[in-house]
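Just so you know, all these numbers are worked out from the coordinates, no wet-lab data involved. If you're wondering where the values come from, they're calculated on a predicted model, not measured in any experiment. Reconstructed Cβ throughout: ideal geometry from the backbone, glycine too, with neighbour counts over all protein chains shown.
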Amino acid sequence: MTRLMVLGLLRMKPMSGYEMQQLLQTSATDRWAGILPGSIYHALKKMDGEGLVRVASVETTGHRSKAIYEITEAGREEYGRLLVESFRTPSVHLPVGLYTGLSLLYMSPEAEGIEEALQEQLQALIQQREALEAGFRMKAEHMPPNRMMELTVQNMLQQYDLQIDFLQQILLEPGTDT
């Protein structure tokens, strides 16, 4: 997804890796897209070698210089291919670690710390949901949301709500406090 995101950002305008990183962090896109700062620079370097992007200019400030990248025609074609592929790939990812633990819980009545671990996961999900919602509000201040963005935000928040509700139900069940 990093390649698709980088190419998509460069379709908007030429920019540096740092500018991309800041844009993704400000809008909290890096949280849900799973894009690490280093992966942006790695993708730019690799795609530059593949002819998908190129250095449009180099800006120097003091002793620092930064490359401003732009997308090439081959990059636009790759963007289109990756975009279509992103819609083809199944998008539901089940919490298999949690499901595995739950399926084995009855065999481990002596296990300690399960309730605490579930509470930690619950709190982490609540915090992630709040951060995601705040990021989208911030993004909406800078860019008016379109219908696809609204649907995406709604779906992401519903995913969090579903998992939060599931964990709360598990915590109400006898035997999770072993």
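Some points to look at:
- Shape annotation for the range 2-88: C-alpha extents along the principal axes are 46, 29, 20 Å, from largest to smallest.
- Linear extension gain, Met107 paired with Asn146, 0.36 nm per residue minus alpha-carbon span: 9.1 nm
- Under 5 Å from the amide H of Val53 lie the amide H atoms of Asp48, Thr72, each residue being 5 or more positions distant or on a separate chain, with H modelled from the backbone and absent for Pro and chain starts.
- Extension gain, Gln168 back to Gln154 (0.36 nm per residue minus Cα-Cα distance, nm): 3.0 nm
- Simple spin-label estimate for Met138 and Gln22 gives 1.3 nm between the two label positions (7 Å along the Cα-to-Cβ direction from each Cα).
- Here is what passes the span test in the chain: the DSSP H helices with alpha carbon length of 30 Å or more along the helix axis and a Kyte-Doolittle mean of -1.0 or above are 114-142, 147-172.
- Sequence ranges 87-94, 1-8, ranked by mean other-Cβ count within 10 angstrom, highest first: 1-8, 87-94
- Scoring 48-56, 60-68 by mean Cβ neighbours within 10 Å over their residues and listing the highest first yields 48-56, 60-68.
- Annotated for the chain: lysine pairs at least 8 residues apart or interchain, Cα distance under 19 Å, count 5.
- Built from the Cα atoms of the range 111-170, the convex hull projects on average onto 4.2 nm², one quarter of its surface area.
- Two-site FRET efficiency, Ser57 against Arg11, from Cβ-Cβ distance with R₀ of 22 Å, rounded to 0.05: 0.80
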